[in-house]
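Okay, structure first, notes after.
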Amino acid sequence: MAKVTGLGGVFFRAEDPKALGLWYKKWLGMPFEDPWGASIPHKDLSGKGNSVWAPFKRDTKYFGESDQVFMINLMVDDVTEALAQVKEGGAEVIPETEKSEFGHFGWFVDPEGNRVELWQPPA
C-alpha cells in the first residue's frame, strides 16, 4: 500500500499571487520565485519540527474568519521577531501568542486577509 511520506506543499488562491509572494519574500525571507512559488528543501529546515496535517471542525475559530477554509503554518526561527517584521510590512498581528511544550506560536493576517500561524519549535 502506498503511504504519505511528508507534506509536499500548500496551494491556495490569491487576488495577486506575485504581489503576495513578494510580500512574504520581503517580510519573512520566503524564497519566492515568480511564477511558481517557493521551494524549501528539507535539508534547510530546522530538523526540530514536523509537518502537520490536521482537519478541523467547520465552525472552528482557530483560522480566524469563517470564510477562510485553510490556514498556513510556517516554521520560523524566532516568532517574536517574525511578528515584528510582518507588522512592519503592514500585516495585522494578533496580539496573543502561545508558548507550550510544542513550541511558541503566533498569528498574523497577511495583506490578502489570510490568517497565518507562525511556529517556533521547542529547543
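The values are calculated or read from the model by the stated rules, or taken from the named source; none is laboratory data. Note that this is a predicted model, so its numbers are computed, not measured. As a convention, Cβ positions derive from the backbone with ideal geometry for all residues, glycine included, and neighbour counts pool all protein chains shown. The accessibility values were calculated without ligands, DNA or RNA, using every heavy atom of the protein model including side chains. Shrake-Rupley method; radii C 1.70, N 1.55, O 1.52, S 1.80 Å.
Numbers at a glance
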read-out	value
Within the stretch 25-59, considering residues that are aromatic (Phe, Trp, Tyr) and open to solvent by less than 60 Å² (accessible area, probe 1.4 Å), the one nearest to Gly6 (Cα to Cα)	Phe32
Pairs with Cβ under 8 Å, 6+ apart, first in the stretch 73-91 and at positive phi, second surrounded by 12 or more Cβ atoms within 10 Å (Cβ to Cβ)	Gly90/Pro111
The stretch 109-123 residues that are within 10 Å of Gln68 (Cβ to Cβ), paired with ones that are of a type in the set (D, E, K, R) and open to solvent by 50 Å² or more (accessible area, probe 1.4 Å) (beta carbon under 8 Å, 6 or more apart)	Val109/Glu92; Gly113/Glu65; Arg115/Glu65
All strands (runs of 3 or more DSSP E) inside the stretch 79-123 with 1 or more residues being of a type in the set (Ser, Thr, Tyr) and within 19 Å of Asn50 (Cβ to Cβ)	98-100
Pairs with Cβ under 7 Å, 6+ apart, first in the stretch 31-43 and in a strand (DSSP E or B), second among the aliphatic types (A, V, I, L, M)	Phe32/Leu22; Phe32/Ala38; Ala38/Met30
Tabulated pairs, the stretch 95-107, first closer than 15 Å to Met75 by Cβ, second loosely packed, with under 15 Cβ neighbours inside 10 Å, C-beta under 7 angstrom, 6+ apart or interchain	Phe102/Pro122; Gly103/Pro122; Phe105/Glu98
